[in-house]
Amino acid sequence: MNTTALIRLILRRDRVWQPLWILSVALFVATTVTTIRQLLPTRDAVLHYVEEIARNPVILLLQGPAYGDSVGAAAAQQRAAATTIFAALASIVLLVKHTRSDEEQGRRELVGSAAVGRRAPLTAALTVVLGANLVLAALIAVVGVSAGLPPAGSLAWGLTAASGGWVGAALAAVTVQLTQSARVAGAAAFTVFFAAYLLRGVSDLGGPGMEWLGWLVPNGWFLRARAFGGEQWWVFALVAAFVAAMAWAAYALSARRDLGAGLLPPRLGPARAPAGLRGPLGLAWRTHRGAALVWIVGAAFIGAGLGLGGQTAVETFGQSGALDYWAGRTGEDDPARIFFKLVVYELAVFSVSLYAIMTVLRLRGDEATELSCPAR
């Protein structure tokens, strides 16, 4: 009841944020294709990448194998996994914002006082988030075709990215029913998604004998759509079935809890605050320590992988001449320095800066929450 009105309200509230993240991911895909063409200017360079570099253990763990021997296949192998993570993160944030966060701030109770069905808020949020990912899939397909890539592979890449967003939204729809905190719900959904992502990586790293492990998680399904390498369209049917099952579970759990409550009771804290919380620095650490530790562990994991497999990547890149373009741009003649400069640049842009932005934006979220609370 009145689900359409709630959809319009969500689109109104996110009229800037949703187009921004969709365009950002599409731009990420466009720059990836351009960069791959510059790094692999010849057919021999592409073949060398697919047969040697793409089989590096670190690359298999973090990005998965290459399923073709074209520029499109190399670009998808490099960045398709990253687009699924970006889509999942944005979808989880949006889904939690329009469900559990609205309950925390009292908006859900206000909306519920009108002629609105109990399931309408969750239905509206799912409709908007799933629809936004469908737009993302179409835009990535257009970007790929515009860059001269085959239409089928471009569409498969778009649906792969959208599948990451769909799965992330479905997981968030369940976690918001289980927990009483929006932050915990979002963190739990992304933790499950990333754990499944790493499980898929272990299966690819283990070779044919471990391939079955990747089929146990949805990340292993949509990352094996084989964009630009003989597309397997049926894997998206598995994704749709998983999303439908998670949505059904979310509606079933929603009917079993009270407004503003979660099925899992929150853990009670100590009766007295420790001395470290008396100052702003201690409070900031207490508030951000969970996210900081997750990002630190993730950075250490990536750094360890680079340390273990970076030398192999440097040698293969240097032999193929793939770093010649960047050698001219940076003035470096050492392949190792060029390679690690590129890696550090990408980590700084897409990992460290993302954590910094999310941390600063949390200040604004805390202010908004305080302003929405009634005066005591």
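The values are calculated or read from the model by the stated rules, or taken from the named source; none is laboratory data. Remember, it's a predicted structure, so these values are computed and weren't measured experimentally. In this analysis, Cβ positions are derived from the backbone assuming ideal geometry, glycine residues included, and neighbour counts consider all displayed protein chains. SASA here: full protein model, heavy atoms, side chains in, ligands and nucleic acids out. Shrake-Rupley method; radii C 1.70, N 1.55, O 1.52, S 1.80 Å.
Looking at the stretch 166-188, is at least one residue more than 19 Å from LEU89 (Cα to Cα), open to solvent by less than 20 Å² (accessible area, probe 1.4 Å) and modelled with pLDDT of 90 or more?
no
For the stretch 222-239, what are the residues that are assigned to a loop (DSSP other than H, G, I, E, B), touching a Ser or Thr at 6+ places or on another chain (Cβ under 9 Å) and either more than 16 Å from LEU62 (Cβ to Cβ) or open to solvent by 60 Å² or more (accessible area, probe 1.4 Å) (or both)?
ALA225, ALA227, PHE228, GLY229
Taking the stated definitions as given, is ALA196 surrounded by 12 or more Cβ atoms within 10 Å (Cβ to Cβ), at pLDDT 85 or above and touching a Gly at 6+ places or on another chain (Cβ under 9 Å)?
Yes.
Being at pLDDT below 90 and out of contact with any Lys or Arg (no Cβ under 8 Å at 6 or more places or on another chain): is that true of ALA88 here?
It is false that ALA88 is at pLDDT below 90 and out of contact with any Lys or Arg (no Cβ under 8 Å at 6 or more places or on another chain).
Inspect all residues belonging to the stretch 21-39 and state whether any of them is open to solvent by less than 70 Å² (accessible area, probe 1.4 Å), free of Cβ contacts under 8 Å to residues at least 60 places away in the same chain, of a type in the set (Ser, Thr, Tyr) and touching a helix residue (DSSP H, G or I) at 6+ places or on another chain (Cβ under 7 Å).
Scanning the stretch 21-39, I find at least one residue that is open to solvent by less than 70 Å² (accessible area, probe 1.4 Å), free of Cβ contacts under 8 Å to residues at least 60 places away in the same chain, of a type in the set (Ser, Thr, Tyr) and touching a helix residue (DSSP H, G or I) at 6+ places or on another chain (Cβ under 7 Å), so the answer is yes.
Having 3 or more residues that are touching a residue at least 60 places away in the same chain (Cβ under 8 Å) and either under 13 Å from the mean Cα position of the chain (by Cα) or over 30 Å from ARG119 (Cα atoms) (or both) is the bar; report the helices (runs of 4 or more DSSP H) wholly within the stretch 140-221 that clear it.
The qualifying helices (runs of 4 or more DSSP H) are 151-178, 182-205.
Mind listing whichever residues of the stretch 122-174 are among the β-branched types (Val, Ile, Thr) and under 15 Å from ALA237 (Cα atoms)?
THR160, VAL167
Across the stretch 58-93, which residue is farthest from ALA173 (Cα to Cα) among those that are among the small types (Gly, Ala, Ser) and not in a helix (DSSP H, G or I)?
Top of the filtered list is SER70.
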